[in-house]
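Student: Got a structure for you, questions after.
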Amino acid sequence: MKIDKSLLSGSTTLLVLKLLSEGEMYGYEMIQTLAKRSDDTFKLREGTLYPILHELESRGCVESSLQLTPGGRQRKYYRITDKGSLLLKDKTEEWKYFSEKVNDVVFGPAPKPAPVN
Amino acid sequence: MTDWLYEASSYIYYEPDRRRVRRELQEHLEDAALALHESGLDWDSAKIKAVEAMGDPKEVGMLLRHVHKPWLGWIYKLAGMFCVACLVLCIITFINNTWTGLRFELEYLRREVPTGAELVNYPSFESFEGTYTSLAPSGKVKCGDYTFQITEAILASDPSWEKDRLCFVLSYSSPRFWLGKPILGNYLRAEDSSGREYDIYFAYPNLPESPTEDMMSCSDIYWVEGFDSMDKHTLQVYRSSFARGEWVLSLPVEADTQWVDIIYEFDRSFDIRIDLRKGGGKA
């Protein structure tokens, strides 16, 4: 299903941090993983990933290192820092709260579980 | 691919960051193009699709510029321009000074050091009609960074004078060619065999030509630049850039004087004796 890109743009930082929390990755790998996990729903304009990564790096939420590929090229890998993990936690809670409230408005409040006798 | 890369990265003003980001984006494009090629596309189509997937280079570039400290880029550019301006100024100054130095050096090499009778009235250039006796030049004397030597000395006589005059050329040189002239100042004096002392004064074209009694006059080697409104010579000093040169000195001596010591006392000292009894010949 195609979605409005504006829905994605606000969540990109959360998605990137979540990917990096699972292990270090390089830029193209992040794009591919994101597309695969979301069944091609989340397809970023790939160039826009790098300003996000560089901004996270300047804030100390991720750090990078150059590593040699089997082909002899140098590739830049990113990994999350402790500060980035804290930001991920905040962003996750923020998203959870936001999406619950959107759901409440669009679908009505979720039924409360019945009390257990 | 190159066009996209250069356009997107051109928005980063800070050159070192711009190079790093361009390299990273290039790796991404190459990975993307390779993946597309492996999925069945030909290389050209794979590259085109890889570039399309990156998005608008201007949009990406503006986002990158926002992250990569534009103010740092401006400082970097300004610093670069300042360095270039300083370098150009240094080159111009170096060429100008070198040219000036070379001109002075050529003039210095063509200089004519006064000899014989020319020493008597130097630097006034008036001819001397009296007689003189050549005296033996001295050996070389090392003093600090310099070597001094009296290369020529005469004892001049004229019936109109009360006293004879000892006139000599004191030369200096140094292997440390970057040094300037040694400081003579008031540190050079003379003392004769009867204990009379002579302080130094520096003769310039606009000072009285007649030396003060009991003083030793000292002149650089000059060349005539022209004449002033009073029809007097205007003089320029010959100047070497390589720590060498001469002075012409002159002092009155009593009839009973047997020798004169030329004494220099500054940081270091030397003492050169001119023996008035050892002549080299009359003229």
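The values are calculated or read from the model by the stated rules, or taken from the named source; none is laboratory data. Everything numeric in this text was worked out from a predicted model, so none of it was measured. We place every Cβ from the backbone using ideal geometry, glycine too, and count neighbours over all the protein chains shown.
Student: I need a count of the residues in the range A:18-30 that are away from chain B (no Cβ under 14 Å), in a helix (DSSP H, G or I) and either farther than 25 Å from B:S9 by Cβ or among the hydroxyl-bearing types (S, T, Y) (or both).
Tutor: Residues of the range A:18-30 away from chain B (no Cβ under 14 Å): A:18-24.
Next, from what is left, pick out any that are in a helix (DSSP H, G or I): A:18-21.
Filter again for either farther than 25 Å from B:S9 by Cβ or among the hydroxyl-bearing types (S, T, Y) (or both), leaving A:18, A:21.
The number of residues fulfilling the criteria is 2.
Student: Still on this model: Can you name every one of the strands (runs of 3 or more DSSP E) wholly within the range B:213-273 that holds 3 or more residues which are more than 26 Å from the chain's Cα centre (by Cα)?
Tutor: On the way: elements: B:215-220, B:222-227, B:233-237, B:244-253, B:259-265.
Ranges flagged: B:215-220, B:244-253, B:259-265.
Student: Filter the range B:76-96 down to residues that are closer than 29 Å to A:G47 by Cα and either among the hydroxyl-bearing types (S, T, Y) or in contact with a Lys or Arg (Cβ under 9 Å, 6 or more places away or on another chain) (or both), then give me how many there are.
Tutor: 1
Student: Just to check your reading of the model, which residue among B:D56, B:D44 is closer than 13 Å to A:G47 by Cβ and of a type outside the set (A, V, I, L, M, F, W, C)? Step through it out loud before you land on a result.
Tutor: On the way: B:D44 fails: closer than 13 Å to A:G47 by Cβ.
So the residue among B:D56, B:D44 that is closer than 13 Å to A:G47 by Cβ and of a type outside the set (A, V, I, L, M, F, W, C) is B:D56.
Student: Another question about this same structure. Which of the residues spanning the range B:216-232 are under 12 Å from B:Y122 (Cα atoms) and surrounded by 16 or more Cβ atoms within 10 Å (Cβ to Cβ)?
Tutor: The answer is B:S217, B:C218, B:S219, B:D220, B:I221, B:Y222.
Student: Further, regarding this structure: What single numbered condition from (1) of a type outside the set (G, A, S); (2) surrounded by fewer than 18 Cβ atoms within 10 Å (Cβ to Cβ); (3) within 60 Å of the chain's Cα centre (by Cα) fails to hold for B:D42?
Tutor: So the condition that B:D42 fails would be (3).
Student: Filter the range B:183-195 down to the residues that are in a loop (DSSP other than H, G, I, E, B) and out of contact with any Ser or Thr (no Cβ under 8 Å at 6 or more places or on another chain), then identify the one that is modelled with the lowest pLDDT.
Tutor: Pass one, the range B:183-195, residues in a loop (DSSP other than H, G, I, E, B): B:183-187, B:193-195.
Pick out the ones that are also out of contact with any Ser or Thr (no Cβ under 8 Å at 6 or more places or on another chain) and you get B:183-187, B:195.
Working: B:I183: 85, B:L184: 81, B:G185: 76, B:N186: 80, B:Y187: 89, B:G195: 92.
Checking each candidate, the answer is B:G185.
Student: Part of a strand (DSSP E or B) and either under 26 Å from B:G61 (Cα atoms) or touching a Pro at 6+ places or on another chain (Cβ under 8 Å) (or both), is that true of A:L66?
Tutor: Working: part of a strand (DSSP E or B): yes; either under 26 Å from B:G61 (Cα atoms) or touching a Pro at 6+ places or on another chain (Cβ under 8 Å) (or both): yes.
So A:L66 passes the test.
Student: Looking only at residues that are aromatic (F, W, Y) and surrounded by 12 or more Cβ atoms within 10 Å (Cβ to Cβ) in the range A:54-107, which one is nearest to B:E27 (Cα to Cα)? Walk me through it before giving the result.
Tutor: First, pick out the residues of the range A:54-107 that are aromatic (F, W, Y): A:77-78, A:95, A:97-98, A:107.
Still in the running and surrounded by 12 or more Cβ atoms within 10 Å (Cβ to Cβ): A:77-78, A:95, A:98.
On the way: A:Y77: 12, A:Y78: 14, A:W95: 32, A:F98: 36 Å.
For the range A:54-107, the residue satisfying everything is A:Y77.
Student: Sticking with this one: Where residues in the range A:31-71 are hydroxyl-bearing (S, T, Y) and over 14 Å from B:M54 (Cα atoms), which of them is nearest to the other protein chains (Cβ to nearest Cβ)? Can you show your working first?
Tutor: Of the residues in the range A:31-71, the ones hydroxyl-bearing (S, T, Y) are A:33, A:38, A:41, A:48, A:50, A:58, A:64-65, A:69.
Checking which are over 14 Å from B:M54 (Cα atoms) leaves us with A:33, A:38, A:41, A:58, A:64-65, A:69.
Details: A:T33: 13, A:S38: 16, A:T41: 16, A:S58: 6, A:S64: 9, A:S65: 12, A:T69: 9 Å.
Among them, the one singled out is A:S58.
Here is a yes/no grid of residues against (1) surrounded by 11 or more Cβ atoms within 10 Å (Cβ to Cβ); (2) under 20 Å from B:G245 (Cα atoms):
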| position | (1), (2) |
| --- | --- |
| B:C90 | no, no |
| B:F94 | no, no |
| B:L106 | no, yes |
| B:N121 | yes, yes |
| B:S134 | yes, no |
| B:P137 | yes, yes |
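Student: Would you say B:E112 is acidic (D, E) and assigned to a helix (DSSP H, G or I)?
Tutor: Values: acidic (D, E): yes; assigned to a helix (DSSP H, G or I): no.
Judged against the criteria, B:E112 is not a match.
Student: Which residues, counting only those in the range B:55-86, are without any contact (Cβ under 8 Å) to a residue 24 or more places away in the chain and within 12 Å of chain A (Cβ to nearest Cβ)?
Tutor: Across the range B:55-86, the qualifying residues are B:G55, B:D56, B:E59, B:L63, B:H66, B:V67.
Student: Evaluate the following for A:P109: is it assigned to a loop (DSSP other than H, G, I, E, B), more than 24 Å from B:R65 (Cβ to Cβ) and more than 14 Å from every other protein chain (Cβ to nearest Cβ)? Even if it seems obvious, please write down each step before you answer.
Tutor: Details: assigned to a loop (DSSP other than H, G, I, E, B): yes; more than 24 Å from B:R65 (Cβ to Cβ): yes; more than 14 Å from every other protein chain (Cβ to nearest Cβ): yes.
So A:P109 passes the test.
Student: Let me ask you something else. Using beta carbons and a limit of 9 Å, which pairs, at least six apart or on different chains, have the first residue in the range A:72-84 and more than 14 Å from chain B (Cβ to nearest Cβ) and the second one assigned to a strand (DSSP E or B) and of a type outside the set (A, V, I, L, M, F, W, C)?
Tutor: A:R79/A:E63; A:R79/A:S64; A:R79/A:S65; A:I80/A:E63; A:T81/A:E63; A:G84/A:E63
Student: Can you pull out every residue in the range B:1-17 that is within 12 Å of chain A (Cβ to nearest Cβ), charged (D, E, K, R) and touching a helix residue (DSSP H, G or I) at 6+ places or on another chain (Cβ under 7 Å)?
Tutor: B:E7, the sole residue that qualifies.
Student: Which of the residues spanning the range B:18-54 are out of contact with any Ser or Thr (no Cβ under 6 Å at 6 or more places or on another chain), touching a residue at least 40 places away in the same chain (Cβ under 8 Å) and within 9 Å of chain A (Cβ to nearest Cβ)? Lay out the reasoning, then the answer.
Tutor: Initial filter on the range B:18-54 (out of contact with any Ser or Thr (no Cβ under 6 Å at 6 or more places or on another chain)): B:19-20, B:23-54.
Add one more test, that the residue is touching a residue at least 40 places away in the same chain (Cβ under 8 Å), and what stays is B:47, B:50-51, B:54.
Result: B:A50, B:M54.
Student: Can we say A:E63 is acidic (D, E) and free of Cβ contacts under 8 Å to residues at least 12 places away in the same chain?
Tutor: Working: acidic (D, E): yes; free of Cβ contacts under 8 Å to residues at least 12 places away in the same chain: no.
The answer is no for A:E63.
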